[in-house]
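The values are calculated or read from the model by the stated rules, or taken from the named source; none is laboratory data. This is a predicted model, so every value here is computed, not measured. Quick reminder, even Gly has a Cβ in these numbers, built from the backbone with ideal geometry, and neighbours come from all protein chains shown. Ligands, DNA and RNA are excluded from the accessible area calculation, which covers all protein heavy atoms including side chains. Shrake-Rupley method; radii C 1.70, N 1.55, O 1.52, S 1.80 Å.
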Amino acid sequence: MHSNAIRLLRQLGAETVPHPGGTLLDHLIRVHDRLARWKAAPALRTAGLCHAFYGTDGFPTGLLGLAERDRLAEVIGPEAEELVYRYGACDRAHVYPQLGVADPVEFRDRFTDRTAPIAAAELAWFAELTAANELDLADHDPGFAAKYGPDLLTLFTRTRPLLSTAAWTDCQTILAGKEPADAD
């Protein structure tokens, strides 16, 4: 795990911010660890650890302002920071309905209100990070799972081609209560 990112998260108080399943820091570490279990690329794992630095459309509490993007990039690298920005900037009401339906998907940046098509490779990492984040919430908050689980299962079923096999297996296990199939 990225020790400099953990240090910055602690400096900025992530371990004091309440979040389903404990604190924001707990959640971020679990998202990182889930992506690691899924064998995600190192930059995506790091983005998972830091995905809430600027807040998200679903969790507005940010740890850094957008004017401090360089500070995060110095700690985690520009590739991972760009993933963090893109994840935090997503206007979910605009983007989620397009996932698995539109080609290309038009991404709307909620910070700038700009729209642009999102590249297929970026869309795949976005779907994987979204699944890791939402599955952690469903896994640690029964109320969240009851309220949003069916819609999330519909979303991730539509985006199945974008998800790794491991991510899809977790979607089925956590959101549909299906046991993973044997790999025999």
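Tabulated results
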quantity	calculated
Residues (assigned to a loop (DSSP other than H, G, I, E, B) and surrounded by 17 or more Cβ atoms within 10 Å (Cβ to Cβ)) located in the stretch 92-114	99, 100, 105, 110
Counted residues, the stretch 67-84 - those being within 16 Å of residue 9 (Cα to Cα), more than 11 Å from the chain's Cα centre (by Cα) and of a type outside the set (D, E, K, R)	6
Selection status of residue 21, open to solvent by 10 Å² or more (accessible area, probe 1.4 Å), at positive phi and without any contact (Cβ under 8 Å) to a residue 60 or more places away in the chain	no
Any pair with Cβ under 6 angstrom, 6 or more apart, that starts in the stretch 5-16 at a residue that is without any contact (Cβ under 8 Å) to a residue 24 or more places away in the chain and ends at one that is in a helix (DSSP H, G or I) and open to solvent by less than 50 Å² (accessible area, probe 1.4 Å)	15/25
Residue match in the stretch 52-63 (condition: surrounded by fewer than 18 Cβ atoms within 10 Å (Cβ to Cβ), in contact with a helix residue (DSSP H, G or I) (Cβ under 8 Å, 6 or more places away or on another chain) and assigned to a helix (DSSP H, G or I))	no
Meets criteria (under 26 Å from residue 143 (Cα atoms) and touching a residue at least 40 places away in the same chain (Cβ under 8 Å)) for residue 101	no
Filtered residues of the stretch 147-184 (kept if of a type in the set (Asp, Glu) and either at pLDDT below 95 or open to solvent by 40 Å² or more (accessible area, probe 1.4 Å) (or both))	151, 179, 182, 184
